[in-house]
Amino acid sequence: MHFLKFRVRSLMILVATLLVGLGIAVGALTSKVWHRRASPASVLSPDAEASGTAPQASPIGQNRPAGEAGDSAHYLQAQAKKVTRVKAPPPVKVSAEGIAANRTFGSKDAPITIDEFSDYECPACRQLYLQTVRPMLDDYIASGKVYLIYHDFPLPIHHYSRDAARYANAAAAIGKFDPVEEVLFNKQAEWSANGKVEDAVATVLTAAEMKRVQDLLHNDQIDQVIEQDSAMGRQLGVNQTPTMFVTHKGQRSPVVGVVSYQILKMYFDNLMRQ
Amino acid sequence: MAPFAQGKTGRTLLLIGRLVIAAVFLVAAYAKLHAPNAVTGKTLLVFPPVSISSSFFALQVDSYQMLPNWAVVLVARTLPWLELGVGVLLLTGIGLGYVGTVASVLLLFFFGVVVRTYAKGLEINCGCFGPGEKLGIKTLLRDGSILSLSLAVTAGAFISRRPSRLTSVPEGAAAKSATLSSFAKN
């Protein structure tokens, strides 16, 4: 009788241990499946994630063929094939308004707004950008005092300025306006002499970004932005570059030519004291 | 030259020239003190705070890229008032020769700056009579004409102050006429 009790007890301990082990295994298995379903991009390479070109991979664990359930190596191979056959990245939705919005700097609530009409091939525009706009970006724009809106105004006398504007607008469509604007002005002497705007732009973009920019060059919206800016400038009376319109409390004043940042700051300070 | 300047026609032309130069200076001073209100269409007699107008004018002076920042500020703060003073004095005719000299020197300086800037190919606003005027050949011709007129007015002012040969009598002639008149009495 005691022997039977001992056997029953051992059997119960064994069953309980098996049940606990099974529970742990089921818990572990289900948690892995849950994580994989929540972040399907984790199966992709870090480079794909970082460049923002991560394709939409099918989540691991979903739509898993029943025949592959028991063969993990075969299963992983099949999943790898699925990852490489993913869809191409969705085309960037480009609109003139979207491009224009990506060419602004600072807060829209800033007390002073500057509408700058500029030409990438204009030496005075380059000087204004380097000695005035760049310090202003780090100072009054970053501190929320000034909101800068960039507008294209390519002059007919500059042969490649329109091309440069198109590249800059395409870069704006993918959120890369700032580095492209900077390189266009920094390397102005080179590309304005040889017309190789693309070479200059390529120095600040990755291969994937450059490909997207090149594709966007064929988009009508890129030219439409330039036309809209030029029309706006003509309406405001712009006849030379650079021209800035400083707006404060509804009053708009033109500032033409290259001005130093210190003198411009003085004007801003006096405006804001009103 | 002196008889012409001292004659009726000369004095009339001098008056007209003086008034034209006075108007030029007064309009220039007004435009600088009234900007940027003039751009936004505010009424003629609504002036912005002096700090605004002078700092706005400083931007136009700075665009010539000639002066260091401290000089830009100094010129922006003083030039409009100097032009106003010269314009008022020219209008009244007080000390015409000296005021005309000051006006001519100022205009000569402005003309030199405009010529230099145009020769350098800088595409800026003149700023002579407020914003919105692109610096070009017309600016050169206009400023050159005003300078010429100012020089003529200044020269005419000095010449017209000289005693006329028709009315002045040489010493020897005065003694002779005194002797003749006393002889006639006797």
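The values are calculated or read from the model by the stated rules, or taken from the named source; none is laboratory data. Note that this is a predicted model, so its numbers are computed, not measured. Cβ placement follows ideal geometry from the backbone for every residue including glycine, while neighbour counts extend to all protein chains displayed. Quick note on the areas: whole protein, heavy atoms, side chains included, nothing else; ligands and nucleic acids left out. Shrake-Rupley method; radii C 1.70, N 1.55, O 1.52, S 1.80 Å.
Miscellaneous remarks
- Just the protein heavy atoms count here, and of the accessible area of region A:124-274 at 1.4 Å, carbon and sulfur take up 47 percent.
- Counting Cβ atoms of other protein chains within 10 Å of each Cβ in A:248-255 and taking the mean gives 5.
- From phi via Karplus (6.51, -1.76, 1.60), per-residue ³J(HN,Hα) for region A:226-240 in Hz, x at Gly/Pro: 5, 5, 5, 4, 5, 5, 4, x, 4, 5, 7, x, 5, 10, 7
- Under Karplus coefficients 6.51, -1.76 and 1.60, residue-wise ³J(HN,Hα) of region B:19-32 in Hz, glycine/proline x: 5, 5, 5, 4, 4, 4, 5, 5, 5, 5, 5, 4, 4, 6
- Qualifying trypsin sites (Lys or Arg not before Pro) in region A:186-274, where qualification requires a DSSP coil assignment and no more than 16 other C-beta atoms within 10 Å, comprise A:Lys196, A:Lys249, A:Arg273.
- Too-long pairs where the Cα-Cα distance tops 26 Å, listed order kept, from A:Lys108/A:Lys176; B:Lys32/B:Lys138; A:Lys187/B:Lys120; A:Lys145/A:Lys176; A:Lys265/B:Lys32; A:Lys249/B:Lys138: A:Lys249/B:Lys138
- Average beta carbon contacts from partner chains per residue of B:62-70, 10 Å cutoff: 4
- For region A:221-240, a decrease in accessible area of 10 Å² or greater in the assembled protein chains relative to the isolated chain, with a 1.4 Å probe, applies to A:Asn239, A:Gln240.
- Unit charges at the beta carbon, dipole of region A:132-274: most positive-side option, A:Leu264, A:Met244, A:Thr203: A:Leu264
- Solvent-accessible surface (1.4 angstrom probe) belonging to A:Leu130, in square angstrom, nearest 10: 60
- Solvent exposure, largest accessible area first (probe 1.4 Å, DNA, RNA and ligands not counted), of A:Leu205, B:Leu151: B:Leu151, A:Leu205
- Normalising the average separation of contacting C-alpha pairs (under 8 angstrom, six or more residues apart) by the number of residues puts the relative contact order of region A:122-205 at 25 percent.
- Accessible area buried between chains B and A, both sides summed, probe 1.4 Å, in Å² to nearest 100: 2000
- Residue-by-residue Karplus 3J(HN,Hα) for region A:134-146, coefficients 6.51, -1.76, 1.60, Hz, glycine and proline x: 5, x, 5, 4, 7, 10, 6, 6, 5, 8, x, 8, 10
- Efficiency of FRET from Cβ geometry, A:Arg252 and A:Lys211, R₀ 45 Å, rounded to 0.05: 0.65
- Rounded to the nearest 10 square angstrom, B:Val105 shows an accessible area of 90 square angstrom against a 1.4 Å probe.
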